[in-house]
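Some notes on the structure that comes next.
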Amino acid sequence: MKGSGTGTAITGIGSAVPEQLLSNDDLSTIVDTSDEWIKTRTGISQRHLAPPSLLLSQLGANAALRALDMAGITASDVDLILLATSTADDMFGSACQIQALLGADHAVAFDLTAACSGFVVGLVTAAQFIRTGVYRNVLVIGADILSRWVDWNDRSTCVLFGDGAGAIVCQANGENDRLLGFEMHSDGSLAQALSISYNGQSQTLQEEVAIAQGNYESIKMNGKEVYRFAVAKVPEVIEKALYRADLTVQDVDWLLLHQANQRIMDTVAERLAIDNAKVLTNLSKYGNTSAASIPLCLDEAVRSGRVRPGQIIAASGFGAGLTWGAAIFKWGK
Ligand code: UT7
C-alpha cells in the first residue's frame with residue numbers, strides 16, 4: 001500500500017441510476033408547474049427517482065463496480081473509498097456499507113460532505129493521498145438521493161432534483177500526474193441560501209441540562225441567490241484552477257459543470273468564451289443529482305467515445321455550504 005509519492009490518473013468510471021422515471025408532465029400533476037416552465041428555466045425534462053427499497057449505498061456500490069471494471073482492478077485492490085454524499089442511508093455515513101457491499105476488505109472508507117461540490121472535493125482529496133504515497137488505488141463515489149429530502153409540495157425546488165451515483169477509480173500513475181490543477185472555496189456565511197437544516201426542540205433532561213431532539217427539514221433554497229453565486233464564482237474558480245495548471249481556456253477540451261441548470265452552464269461557458277460544443281451535459285435526462293452529477297455526465301461521455309484518453313477536462317462543482325471548486329484533469333493514464 002505504501003510507496004513514494006506519485007501522480008494520479010483517473011482510470012475507470014461508472015454510474016448508476018434508479019429505473020423509475022418522473023417526467024415534467026408527470027410532475028405537473030403533483031405541483032402547479034409545466035413542462036414548458038421547467039424546460040425553459042432549467043433544461044430538465046425528466047429525473048430518475050429511487051424507490052423506497054433502494055439504499056444509497058447500493059446505488060453507490062453499483063456505480064463503483066462499473067468503475068472498477070473499467071479500471072481493470074478488483075475491490076480487494078482498493079485502499080480507500082471516499083463517498084461524497086449529503087444523503088447517506090445512515091447519519092454515521094454510508095461509505096463503510098459500500099465497502100462491505102463491494103467486499104473491499106483492505107480499504108478504509110469514509111463519507112465526505114460538500115453537497116454538489118462533493119465530487120470535486122473527493123477527487124482532490126483522493127489525489128492528496130496518492131501524491132503523498134499513502135494509497136495507490138482510491139475509489140471516489142458521488143451519490144445522492146435528494147428525492148428523500150425534497151418538499152414535494154414546493155414547486156420551486158422539487159422540479160430540480162433527481163437521484164443517481166457516479167464513481168471513479170484514481171490510481172497512482174508515476175511521474176504522470178493527470179490532476180493538473182485545482183482550486184476550492186467555501187463561504188459558510190451564505191449557508192442559508194441552500195440548506196437541509198436540523199430542527200431540534202429543546203428537551204430538559206434534568207434541571208439545568210437541556211438537549212435538542214428533532215429532525216432534518218426538507219431542502220430550502222433561495223434559487224436566485226444560488227444562481228447569481230454560481231454564474232459569478234464558477235468561471236472565476238475554473239480560471240484559477242487553469243492558472244494553477246499552467247493552462248488557459250483555449251487548452252480545455254471539455255467543460256464539465258455540476259448539472260444544476262442549463263442556463264447556468266450556458267452563462268459560465270459564455271463568460272469563459274468556451275464553445276457550447278465543448279460543454280458536456282446530460283441534465284435533461286437526470287435533473288440535478290448533486291454529488292453524482294459530474295461523474296454521471298463524464299461516464300456517459302467516456303462510454304460514448306466523446307471524451308478520449310489524454311483530453312483535458314475542466315470540471316467544476318458548486319452548491320450548498322456554500323462550496324465551489326474546480327479540478328483540471330486529463331482523462332485516462
Ligand atoms: O445544486 C444546487 C445548485 N442549485 C442551483 O443551481 C439552483 C440555481 N437557481 C436556479 O436554477 C433558478 O433560480 C430556478 C430554476 C430555481 C428558478 O428559476 P428563476 O428564473 O430564478 O425563477 P424564479 O424563482 O424567479 O421564479 C419565477 C416565477 C415565479 O413566479 P412570479 O413570482 O414571477 O409570479 C415563481 O413563483 O416562476 C414561478 N415558479 C414556477 N412556475 C412554474 C417557480 N417555480 C416554478 C415551477 N413551475 N416549478
How much of the accessible area of segment 201-333, probe 1.4 Å, is carbon plus sulfur, in whole percent?
46 percent
Reach of Lys240 by Cα under 12 Å, taken over aspartates and glutamates that are not fewer than 8 positions away in the same chain
Glu183
Taking a straight Cα-to-Cα line shorter than 19 Å from Lys39, and setting aside same-chain aspartates and glutamates fewer than 8 residues away, one finds Asp25, Asp26, Asp154, Asp163, Asp266
Of the options Gly72, Gln201, Ser284, report the single residue whose Cα projects farthest towards the positive end of the charge dipole of the chain (beta-carbon charges: Lys, Arg +1; Asp, Glu -1).
Gly72
Over segment 28-78, with neighbouring protein chains present, the accessible area per residue in Å² at probe 1.4 Å is 48 Å²
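In the chain, what % of DSSP beta bridges are antiparallel (nearest 5)?
Details: 46 of 62 bridges.
For the chain, the DSSP antiparallel bridge percentage is about 75.
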The chain, relative contact order in percent, only Cα pairs under 8 angstrom and at least six apart counted:
26 percent
Measuring from centroid to centroid over Cα atoms, what is the spacing of segment 122-149 and segment 225-284 in Å?
22 Å
Mean projection of the alpha-carbon convex hull of segment 8-177 over all orientations, in nm²?
10.3 nm²
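Can you give the FRET efficiency to the nearest 0.05 for Tyr198 and Tyr243, using r as the Cβ-Cβ distance and R₀ = 30 Å? Provide the component values of the computation, followed by the final result.
Values: r = 38 Å, r/R0 = 1.28.
Approximately 0.20, to the nearest 0.05.
When the Cα atoms of segment 294-333 are enclosed in a convex hull and the volume is divided per residue, what value in Å³ results?
On the way: hull volume 2.6 nm³, N = 40.
Output value, Cα hull per residue: 65 Å³.
Given a 1.4 Å probe, how much area per residue of segment 290-333 is accessible, in Å²? Please report the intermediate quantities before stating the final value.
Details: 1150 Å² over 44 residues.
Ligands and nucleic acids excluded, the result is 26 Å² per residue.
Return the calculated 222 nm mean residue ellipticity for the chain, to the nearest 500 deg cm²/dmol, obtained by summing -39500 (n - 2.57) across DSSP H runs with n ≥ 4 and dividing by the residue count. Could the numbers behind the result be given before it?
Numbers: 10 runs with 102 residues, N = 333.
Calculated from helices alone, the mean residue ellipticity at 222 nm is -9000 deg cm²/dmol.
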Label-point separation, His185 to Ser23 (7 Å along Cα→Cβ), nm:
4.1 nm
Can you compute the charge dipole magnitude of segment 102-163 about its Cα centre, using +1 on each Lys and Arg Cβ and -1 on each Asp and Glu Cβ, nothing else charged? Give it in debye, rounded to the nearest 20.
260 debye
Sulfur and carbon atoms: percent of accessible area, segment 8-177 [1.4 Å]:
50 percent
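The values are calculated or read from the model by the stated rules, or taken from the named source; none is laboratory data. Everything numeric in this text was worked out from a predicted model, so none of it was measured. Counting neighbours? That spans all protein chains shown, and the Cβs are built from the backbone with ideal geometry, glycine included. Surface accessibility is based on the protein's heavy atoms, side chains included, excluding ligands, DNA and RNA. Shrake-Rupley method; radii C 1.70, N 1.55, O 1.52, S 1.80 Å.
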